[in-house]
Each structure stands twice: as structure tokens, then as C-alpha cells.
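What follows is a set of notes on a single structure, which appears directly below.
The values are calculated or read from the model by the stated rules, or taken from the named source; none is laboratory data. Model, not experiment: these values are computed from the prediction. A quick note on method: Cβ atoms are made from the backbone with ideal geometry, for glycine too, and the neighbour counts reach across all protein chains shown.
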Amino acid sequence: MTKNKTQDILEEIYQKLFSRFGKQHWWPAQTQFEVIVGAILTQNTNWANVEKAINNLKKNKLLAPKKLYLLPEKKLAAFIVSAGYYNIKAKRLKAFMGFFFKNYNGSVKKMASRDTVRLRRELLSVKGIGPETADSILLYALNKLVFVVDAYTKRIFSRHGFIHEDTDYHQVQDLFMQSMKKDIQLFNEYHALIVRLGKDFCLKKKPRCEICPLKSQK
């Protein structure tokens with residue numbers, strides 16, 4: 001399939017999803033730092049659970065870089081129980097906070113000024129931060145031009161024949177980034193729409209194919 005043909009198909013899918021679901025307003029957060037924390041907490045759980053954990057941090061006036069940096073790991077874990085795997089996630093958050101203060105003095109602005117390729121490499125060196133979490137931070141918190149790939153993306157696009165189900169993360173990412181218009185807002189909205197489709201229609205078990213907005217694409 002040529003690059004132009006792939007681009008046309010991806011754009012058509014985007015238009016169908018946007019027409020069906022509208023703007024997703026994702027990532028829901030009040031600050032860039034909140035997006036970063038949410039990106040780490042959302043690993044292996046749903047957003048509703050993460051939202052409870054974030055609200056608990058807010059209620060206790062802890063959702064601020066310096067406060068999370070100074071908060072002992074065990075105490076942090078107690079505040080994020082609702083996010084699941086809270087001991088592991090507390091460890092990962094603390095690992096990120098150590099990196100954040102060591103390299104950027106706890107400043108999101110300083111981190112955002114870093115070259116995207118270098119910053120991505122740095123984030124991936126932090127224990128517990130993989131490609132999806134790193135790219136979520138880059139795109140949603142720092143407005144960097146990267147496309148986020150998740151389980152929904154692989155499921156949907158393998159079922160529709162664009163990729164093989166075991167295609168690796170970066171190959172899927174390249175499919176989007178090399179074929180689509182380089183637009184941060186487009187990348188943001190497209191991924192959010194993919195998540196919506198995956199949650200509501202392209203379920204892991206018993207997918208609702210008969211009423212899928214992309215039915216004509218099969």
C-alpha cells in the first residue's frame with residue numbers, strides 16, 4: 001500500500017470517528033504536571049480508578065512537583081490505592097520525580113524545551129516508563145509531535161487488516177507518523193478517538209462489529 005493510499009485511509013477513519021464521537025477533550029487535567037502523573041498511574045487500569053487517585057492527591061494538596069518529590073514512597077502509595085498496583089506505581093512515580101528534579105529541577109517548562117528525540121530517550125531510561133507512557137507524556141503533557149500507540153490501536157487496526165496483531169509498538173507508531181499530516185492536535189484527537197472506539201465497540205471479547213462506526217472499512 002502506498003503512503004498516499006495509507007494516508008487517505010487513515011484520514012477517512014479519523015473523519016468517521018470524529019463524525020460519530022466528536023471532540024474527546026483528552027487528556028482531562030488541570031495542569032501539565034497532572035497529565036504526567038495520570039500517564040504513569042493509568043498503566044494497567046482504567047481512567048476512573050486513576051481519577052480517584054488523582055482527586056485524592058488533590059484533596060490532600062499533594063499534586064505538585066515539590067510535594068510529590070519529597071513525599072515518602074510508602075505514603076504516596078497510600079494515597080493512590082484506587083489506581084491499582086499502588087506500590088509499584090508509587091515506586092514508578094518516585095523514579096520519575098527523581099529524574100524530573102535531577103534533570104529539570106522539577107520544571108515542566110524546562111522539560112518541554114528539550115528536543116523531542118532526546119527527551120523521549122531520557123524518559124524511556126526511567127524505570128517503569130515504557131513507550132506508551134513516555135509518548136503520552138510527550139504528546140498530552142508537553143505538546144510534542146508523537147503518536148501514542150496502545151492496546152486499542154493494535155486491536156482495532158489488526159482487526160481491520162492494516163497491521164499484524166503482533167506488530168511492535170514502533171512499527172505501528174511509524175505507520176501513523178509517516179503517513180499522516182504532522183499535526184499535534186490531530187495526533188491528540190486521533191488517539192483519543194481510537195480509545196473511545198476500543199472501549200465502546202472494538203472490545204477484546206465480544207466486539208460489537210455489527211454497529212461499529214468503521215464497519216464499511218472491513
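List of remarks:
- Residue count, segment 123-162 (criterion: free of Cβ contacts under 8 Å to residues at least 40 places away in the same chain, surrounded by fewer than 17 Cβ atoms within 10 Å (Cβ to Cβ) and part of a helix (DSSP H, G or I)): 2
- Checking ASP183 against (1) under 18 Å from the mean Cα position of the chain (by Cα); (2) closer than 15 Å to LEU17 by Cβ; (3) surrounded by fewer than 17 Cβ atoms within 10 Å (Cβ to Cβ), the condition it does not meet: (2)
- Residue within segment 65-77 that is of a type in the set (Phe, Trp, Tyr) and surrounded by 17 or more Cβ atoms within 10 Å (Cβ to Cβ) present: no
- Only one of VAL195, VAL146 that is more than 17 Å from ASN46 (Cα to Cα) and among the β-branched types (Val, Ile, Thr): VAL146
- Residues of segment 2-18 that are touching a residue at least 60 places away in the same chain (Cβ under 8 Å) and not β-branched (Val, Ile, Thr): LYS3, GLN7, LEU10, GLU11, GLU12, TYR14, LYS16, LEU17, PHE18.
- Of everything listed in (1) surrounded by fewer than 18 Cβ atoms within 10 Å (Cβ to Cβ); (2) in contact (Cβ under 8 Å) with a residue 12 or more places away in the chain; (3) assigned to a helix (DSSP H, G or I), the single unmet condition for VAL172 is (1).
- In this entry, ARG208 is excluded by the filter for residues that are in contact with an Asp or Glu (Cβ under 8 Å, 6 or more places away or on another chain) and not assigned by TED's automatic domain parsing to the domain that holds PHE18.
- Qualifying residue in segment 22-31 (condition: in a helix (DSSP H, G or I), touching a helix residue (DSSP H, G or I) at 6+ places or on another chain (Cβ under 6 Å) and either at positive phi or in contact (Cβ under 8 Å) with a residue 24 or more places away in the chain (or both)): no
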